[in-house]
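Read the structure below first, then the notes.
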Amino acid sequence: MTDQLSQAELVRQSLKRRYRKEWRFRTYGILAIGVAILALVILFTDIISKGYTGFLKTTVTLEVPLDPELMYLDDPTDPEQIRMADFVAPLQQALLNELPTAEKGDRRELGRLMNSYAANQLRDQLQANPDWLGTTRTMTFLANTDVEVYVKHKDDEAYSIKLSDQQQRWVDELVDRGVVESSFNDVFFSSGDSRDPSNAGIAGAIVGSLLTMLVTLCLSFPIGVAAAIYLEEFAPQNRWTDFIEVNINNLAAVPSIIFGLLGLAVFINLFGMPRSVPMVGGLVLTLMTLPTIIISSRASIKSVPPSIREAAEGIGASKMQVVLHHVLPLALPGMLTGSIIGMAQALGETAPLLLIGMVAFIVDVPGGFFESATVMPVQIFLWAGSPELAFIERASAAIMVLLAFLISMNALAIWLRKRLERRW
Amino acid sequence: MQPANLFPLIVVLVAIAFALGYARSRALAMPLGGIRNLKSLPFYYAARAAMWCGLPALLILACWLGFEAKVIQTLIVGSLPAELRPDTAGQASLVLSQISNVASGALSGDFAPEGIAAAAERLEALRAQSTFMMTALVLSIAVLGGFIAWLRIAPHINAREKVESTLRKIFFLCAALAILTTVGIIFSVIFETIRFFGKVSFIEFFFGTSWSPQTAIRADQVGADGAFGMIPLFVGTLLISSIAMLVAVPVGLMSAIYLSEYASKPVRAIFKPALEMLAGVPTVVYGFFAALTVAPFISDIAEAIGLSASSQSALAAGLVMGIMIIPFVSSLSDDVINAVPQTMRDGSLALGATQSETMKKVIFPAALPGIMGGVLLAVSRAIGETMIVVMAAGLAANMTANPLEAVTTVTVQIVTLLVGDQEFDSAKTLAAFALGMMLFIVTLLLNIVALHVVRKYREQYD
């Protein structure tokens, strides 16, 4: 009796310690989740705070005097004259007119406020409208990257301001007068890469990604579904089937860079396909995403109850008819979901594409599957490696766009699953 | 015609073949007294005609596209005058790129040697010829195949059986593509690796302690051969992976335990997808984060407490890689923990154990093999991860265990050696394939062991 009492006493005495342990263990769990969520939050805020300014462009709106004498040009339809003409002078003159404090000798310094492509833009406009010569036109140009950095990040110590004190005063004055303005950066979405951050955009990368994904989707979805159907419905129980399964499971865990080596050795060296084209990128990503799609498609075929198959067989359908007319339509939503998730993975993939040469500096927006292109993640990689902070800002903005694509793809997958998937 | 236009045309032809086949099978059935006198439904006759029209044509199109470039290159190189003919593969690719640049107009023919300009013209002509021949061949095969199948439509033929057996074969080929991919991977690394070991000794590669794959600019340059000892890469990979696992395993495991054992349903519904979001972030974004935010932060802190840290530290890459792997560990452990039968939990709780005691003494030991399998898979992920280390770990092959120094990894070296222009017979390029082979073998072994352990474990409780 006393023995039992002391036993109970012992337990009671140890309870406090055990509860404390329990509490500690639970706290560790909460801490772990906290760490993970904190990492997620820091990651997102870091990227947003670095990159939201990337969605702003800085423009200069000027009254440009298209004076024939200033430009040494009297016939804009003559290509020879256009080639020799001076298109910087009118821009300098226009800035001089805007700034009463500036003197004639400051022309060169003033010209540096304009984007390096502004003169080309003026030339193209004039060539398109020869009758503008001799008039004064209101035109909007992109500002120089240094001006953009100054306007956006005056108070940020991380950025180094490359403008002289004089130039800074001018820009301040122009901002006050509404000549220099910040607005939504449509250039970022409509142009390809550029050496100059203010002209650089992601249009080329988006189109490249789109073409690559199109190849990947057109190949990996049908092949993946067909392979899943074979393995689930037709494959005999033998060594070959086992071997295929082992292969698929292993390929799903092979590092993606290995697929880049495969693409380089097989598609480029063996078949002599061109480098850095969406076609080869798509083929490599197809091989990479196939295992994921096959595995998820098999899971969704498995979830179709056997009663459906038995009922169809019972009224005389052939095995293929059972699969194509009954099992496949029921399993399709699950397959779609898995494929969208696989495609999202492929969209974010960088390493294998580096090896097949999709890292080239490409200004033009690609027009076909066999033209040199780059993709979103590789564009981010290229910009992230730049020493110029203005490029880093654009890399962050591109990351936001990429993440928006990925999140909406995943949301679509979740919505599809909720909407179409049947519970048995 | 461009292949991009040819493909839709084939699709149209297939549709026509289908429609004609359908019409013919119905027409044949009418005099017999309706389609029930056909051996198969009209759909199957039509499908058979469509297959005959489409499959051979697509097969030929794919083969042509695959081998066209190589055949044209061989023809061009063969037709070059003797003084221009390249001796090595490296020269060949140089000459060929020159020719194609002239052909595409990127390089003016005036500046190129006589033979090159001629070859460029020939290249253009061959390309045009090849495209024309391909278009003609593919289209005629499609039409011919469709026509033959259309002619052979007869009421007594069991078209369904034929269509189904063809489909079954196609399905099998799709599944067998997995084997083909593995074989492709092995073959693409093995030949270059063998050539690499012809230039660099086995012992130097596996036991050498210095890695600097410079190629000689001058023949008498110091270190002209480059050093190819992979130990420093191995050490670097191991260092970064261990830092990553030190972050990922405790955090991933504890959050899985909390979410599966403690969290209420709504909490679980919020935090589980949030954790999975970490898995959906592309690696290049993690690399960006590691290189531009975490690495400077770490080097600032190290400086503040009087340590010297390199601007590209193993710690930054490892930490961020750990964050990336957290969801991987947590979702695998979650599965495993949930697979432990509820009866074991109930038994332990009924004996008066607290939840944490149940977890530590009953569930965790039962789930350990599965968790180990998951951790091994995570290790294989960490070893093969590329973008984070390329952006944040640096290129210097230091042999160090100090996480504040810059190290380099196997994947970083593969990328650096293969990005950009390369000659295909230098030891430098071949070394990348040898490293790739090592990486493939190591991850393959890890995966096989891990998958085996996980499967064994599942069977135990199923």
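The values are calculated or read from the model by the stated rules, or taken from the named source; none is laboratory data. All figures in this text were calculated on a predicted structure; none of them were measured in a lab. We place every Cβ from the backbone using ideal geometry, glycine too, and count neighbours over all the protein chains shown. Remember, those area values only see protein heavy atoms, side chains included, never the ligands or the DNA or RNA. Shrake-Rupley method; radii C 1.70, N 1.55, O 1.52, S 1.80 Å.
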- Message: Test of understanding: among B:379, B:375, B:362, B:407, which residue is crowded, with 24+ Cβ neighbours inside 10 Å and either away from every other protein chain (no Cβ under 12 Å) or part of a helix (DSSP H, G or I) (or both)?
- Response: B:407
- Item | segment A:1-19 residues that are over 18 Å from residue B:355 (Cα atoms), paired with ones that are open to solvent by 100 Å² or more (accessible area, probe 1.4 Å) and modelled with pLDDT of 85 or more (beta carbon under 8 Å, 6 or more apart) | none
- Message: Checking residue B:41 against (1) within 30 Å of residue A:321 (Cβ to Cβ); (2) of a type outside the set (Lys, Arg); (3) in contact (Cβ under 8 Å) with a residue 40 or more places away in the chain; (4) open to solvent by less than 40 Å² (accessible area, probe 1.4 Å): exactly one of these is not met. Which one?
- Response: (4)
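For (1) assigned to a helix (DSSP H, G or I); (2) outside the structural domain of residue A:330 (by TED's automatic domain parsing); (3) buried (at least 24 other Cβ atoms within 10 Å of the Cβ), each residue gets a yes or a no:
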| site | (1), (2), (3) |
| --- | --- |
| A:358 | no, no, yes |
| A:363 | no, no, no |
| A:369 | no, no, no |
| A:408 | yes, no, no |
| A:411 | yes, no, no |
- Residue that is nearest to residue A:281 (Cα to Cα), among those in segment A:195-204 that are open to solvent by 10 Å² or more (accessible area, probe 1.4 Å) and either within 14 Å of chain B (Cβ to nearest Cβ) or not in a helix (DSSP H, G or I) (or both): A:195
- Query: Which one of these is loosely packed, with under 13 Cβ neighbours inside 10 Å, free of Cβ contacts under 8 Å to residues at least 60 places away in the same chain and assigned by TED's automatic domain parsing to the domain that holds residue A:109: A:156, A:172?
  - Reply: A:156
- Query: Just a yes or no: is a residue in segment A:217-233 in the same structural domain as residue A:377 (by TED's automatic domain parsing) and hydroxyl-bearing (Ser, Thr, Tyr)?
  - Reply: yes
- Note on the structure: Matching residues in segment B:265-287 (within 7 Å of chain A (Cβ to nearest Cβ), small (Gly, Ala, Ser) and either in contact with a Cys (Cβ under 9 Å, 6 or more places away or on another chain) or under 12 Å from residue A:406 (Cβ atoms) (or both)) number 1
- Message: Need the failing condition index for residue A:211 against (1) buried (at least 19 other Cβ atoms within 10 Å of the Cβ); (2) within 21 Å of residue A:140 (Cα to Cα); (3) not assigned by TED's automatic domain parsing to the domain that holds residue A:147, just the number.
- Response: (2)
- Item | Count of residues meeting criterion [among the hydrophobic types (A, V, I, L, M, F, W, C) and without any contact (Cβ under 8 Å) to a residue 12 or more places away in the chain] in segment B:133-164 | 5
- Looking at segment A:338-356, which of its residues are of a type in the set (Val, Ile, Thr) and either within 11 Å of chain B (Cβ to nearest Cβ) or open to solvent by less than 10 Å² (accessible area, probe 1.4 Å) (or both)? A:341, A:350, A:356
- Which residue pairs have Cβ atoms closer than 8 Å, lie 6 or more positions apart in sequence or on different chains, and pair a first residue in segment B:54-73 that is touching a residue at least 40 places away in the same chain (Cβ under 8 Å) and open to solvent by less than 50 Å² (accessible area, probe 1.4 Å) with a second residue that is assigned to a helix (DSSP H, G or I) and among the charged types (D, E, K, R)? B:72/B:127
- Note on the structure: Within segment A:311-326, the count of residues that are part of a helix (DSSP H, G or I), out of contact with any helix residue (DSSP H, G or I) (no Cβ under 6 Å at 6 or more places or on another chain) and within 13 Å of chain B (Cβ to nearest Cβ) comes to 4
- Task: State which residue pairs qualify: first residue under 14 Å from residue A:261 (Cβ atoms) and inside segment B:393-416, second residue in a loop (DSSP other than H, G, I, E, B) and open to solvent by less than 30 Å² (accessible area, probe 1.4 Å) in any location, beta carbons under 6 Å apart, and separation of 6 or more residues or different chains.
- Result: B:411/B:386
- Cβ pairs under 8 Å, 6+ apart, first in segment B:320-337 and more than 11 Å from chain A (Cβ to nearest Cβ), second open to solvent by 10 Å² or more (accessible area, probe 1.4 Å) and not in a helix (DSSP H, G or I): B:321/B:385
- Look through segment A:327-356, keep the residues that are polar (S, T, N, Q) and assigned to a helix (DSSP H, G or I), and return whichever of them is nearest to residue A:189 (Cα to Cα). A:345
- Task: Kindly list the number of the only condition in (1) of a type in the set (S, T, N, Q); (2) within 13 Å of another protein chain (Cβ to nearest Cβ); (3) in contact with a strand residue (DSSP E or B) (Cβ under 6 Å, 6 or more places away or on another chain) that fails for residue A:27.
- Result: (3)
- What do you reckon, is residue B:244 closer than 30 Å to residue A:411 by Cβ, surrounded by 16 or more Cβ atoms within 10 Å (Cβ to Cβ), in contact with a Leu (Cβ under 8 Å, 6 or more places away or on another chain) and not aromatic (Phe, Trp, Tyr)? yes
- Evaluation of residue A:142 against (1) at pLDDT below 85; (2) closer than 16 Å to residue A:390 by Cα (one fails), failing number: (1)
- Message: Give me the residue from segment B:115-171 that is of a type in the set (S, T, N, Q) and within 14 Å of another protein chain (Cβ to nearest Cβ) and, out of that set, farthest from residue B:28 (Cα to Cα).
- Response: B:130
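Residues are listed down the side, and each one gets a yes or a no for (1) crowded, with 18+ Cβ neighbours inside 10 Å; (2) assigned to a helix (DSSP H, G or I); (3) more than 10 Å from chain B (Cβ to nearest Cβ):
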site: A:206; (1), (2), (3): yes, yes, yes
site: A:215; (1), (2), (3): yes, yes, yes
site: A:226; (1), (2), (3): yes, yes, no
site: A:231; (1), (2), (3): yes, yes, no
site: A:243; (1), (2), (3): no, yes, no
site: A:246; (1), (2), (3): no, yes, no
site: A:261; (1), (2), (3): yes, yes, no
- Query: (1) open to solvent by 70 Å² or more (accessible area, probe 1.4 Å); (2) closer than 18 Å to residue A:171 by Cα: which one isn't true of residue A:93, the others all being true?
  - Reply: (1)
- Counting only residues in segment B:342-359 that are aliphatic (A, V, I, L, M) and at the interface with another protein chain (Cβ under 10 Å from one of its Cβ atoms), the one least open to solvent (accessible area, probe 1.4 Å) is identified as B:359
- Note on the structure: Scanning segment A:14-72 residue by residue, those in a strand (DSSP E or B), among the β-branched types (Val, Ile, Thr) and over 27 Å from the mean Cα position of the chain (by Cα) turn out to be A:60, A:61, A:64
- Count, please, the residues in segment A:96-136 that happen to be open to solvent by less than 60 Å² (accessible area, probe 1.4 Å), within 38 Å of the chain's Cα centre (by Cα) and closer than 28 Å to residue A:163 by Cβ. 8
- Flag if residue A:396 is open to solvent by less than 10 Å² (accessible area, probe 1.4 Å) and not hydrophobic (A, V, I, L, M, F, W, C): yes
